[in-house]
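All of the numbers you see were taken from the coordinates with simple rules; none came from a lab. Fair warning: this is a prediction, and the values are worked out from it, not measured in the lab. Positions of Cβ are generated from backbone atoms using ideal geometry, with glycine treated the same way; all protein chains shown enter the neighbour counts.
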Number of protein chains: 2
Amino acid sequence: MISAMLRKVREMLVFLFISVFSKATGIKTLARATVPTDNAAAIFCLSWRLAVETNNARAWRTVPAQCFRYVENYMIGGQYDQDLNLIVEEILSYVNEIVLSEDGMDAWILDVDDTCISNVFYYKGKRYGCDPFDSVSFKSWVNKGECPAIPGVLNLFIKLVESGFKVFLVTGRNEETLGQVTIENLHNQGFIGYERLIMRVNIHASESVQMFNLSLRHNMKHNMKHPECKHHQLRI
Amino acid sequence: MISAMLRKVREMLVFLFISVFSKATGIKTLARATVPTDNAAAIFCLSWRLAVETNNARAWRTVPAQCFRYVENYMIGGQYDQDLNLIVEEILSYVNEIVLSEDGMDAWILDVDDTCISNVFYYKGKRYGCDPFDSVSFKSWVNKGECPAIPGVLNLFIKLVESGFKVFLVTGRNEETLGQVTIENLHNQGFIGYERLIMRVNIHASESVQMFNLSLRHNMKHNMKHPECKHHQLRI
């Protein structure tokens, strides 16, 4: 049924960057590095990172302790930026091939945390994921409104807006408590001109971020049936 | 519908190692490395490899020329083996949690090329994917029957058979022309005791390997409705 629907809406493509880049927790992308500090650890950490990135690693909570320096180096040593930039280049080459219709219904979806704006400074305080995710201190960090833009994604965002896409930003952040600071943070980092910021509201408060994402995807698929969004690629 | 079906057959899990490891062409997994021969190339090749492994890179035919040494080092320098072994450990920890029913319907599916047995020597002659895939010389290589077992996967295979799983091997290789040599190659590398080797027959000859895989998945889902296979995890 899904494949039939996807055929029908062949031109409907949404980039759920939740999947392309990282989950809202951001931990997922913290497991890479280039220059090893210790060769045995580097070999293990590179394998572990690959397993995580390809979703072959089973449920895990923290980055393995021996990968701390490795992940630190990955995040701030340049490889993470390079990885992002290469994907953004791929995306831009795709964007450049698209001829937008004139009905204003071409849409694009971007995740917020660790896609548009970075929480790397929060994770630095958590030994780059070697310490468990801490929702209290994460909220405290978010409330500062100091998440820096991820430059490659900001460039993509600007290109999309200029090209005429309606850009939707989605986040598991709670609208009631973190709405204003998120809007301001995005604005002061240059994310200006998006169509709508879709946040978690209290009705989703008891849901995990993963469940919220699933609900969101369900609603998006439903919305495809009426002409709100047109340009989609669902990663199901 | 798919998710409803999957809920119904919650215990039906198939590991389509086509997805977990590599495609039948094997090229896909040729893009990794650890010890760079040149730092700029290493940074690029590591990013490119990640993009390929996560399916973010768009259609590509050959490994970038500047990544030849990098991929060579990855494949024969130990990191590829380490990557495979880490995933096999993950799988074994999963296998060890499963309590098999006594109805003999617990099944497992493994891909053949570059999952059970390796084509690394073929790819060595193709500059580890920097030269295009060549079906004539690939068939010539396969006809030698000298593909070595991938040790970690052989261990997994043995564990599965010993545990009572019915193990199905699937491959895009043509049954008429490569059936006998494939059976013998698998046997002489220790793959003994599987339930069935499912190969491409002439009816699929005009299909691409990708289309064959799709047909196979469709048929497997259909087969779930009658009690041939029980232990599945479909990666759709």
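So for A:133, A:157, A:168, B:121, fewest C-beta neighbours within 10 Å to most, what's the order? All intermediate terms of the calculation are to be shown ahead of the outcome.
On the way: A:133 15, A:157 26, A:168 18, B:121 12.
Ordered from fewest to most neighbouring Cβ atoms within 10 Å, A:133, A:157, A:168, B:121 come out as B:121, A:133, A:168, A:157.
Placing a label point 7 Å from Cα along the Cα-to-Cβ direction at residue B:76 gives distances to the equivalent points in the other copies of 3.9 nm, listed shortest first.
Starting from the Cα gyration tensor of the range A:64-121, take the square roots of the eigenvalues, sort them a ≥ b ≥ c, and report rounded, prolate or oblate (rounded when a/c is under 1.5, otherwise prolate if a/b is larger than b/c, else oblate). It comes out prolate by the Cα gyration axes. Modelled spin-label separation between residue B:93 and residue B:198, with each label point placed 7 Å from Cα along the Cα-to-Cβ direction: 2.9 nm.
Positive contributions from Lys and Arg (+1) and negative ones from Asp and Glu (-1), summed over other residues with Cβ under 11 Å from the Cβ of residue B:118, come out at -3.
Using the Cβ-Cβ distance between residue B:58 and residue A:40 with R0 = 35 Å, the FRET efficiency computed as 1/(1 + (r/R0)^6) comes to roughly 0.50. With the label put 7 angstrom out from Cα along the Cα-to-Cβ vector, residue A:162 ends up 6.2 nm from the copy partners, going from closest to farthest. Taking other Cβ atoms within 10 Å as a rough exposure proxy, B:169, B:46 sort from fewest to most as B:169, B:46. Subtracting the Cα-Cα distance of residue B:211 and residue B:177 from their residue separation scaled by 0.36 nm leaves 10.3 nm.
By the beta-carbon count within 10 Å of each Cβ, the least crowded to most crowded order of A:137, B:93, fewest first, is B:93, A:137.
What the phi angles of the range A:167-174 give under the Karplus curve with 6.51, -1.76 and 1.60, with θ = phi - 60°, is a coupling list of 9, 9, 9, 10, 7, x, 5, 6 Hz, glycine and proline written as x.
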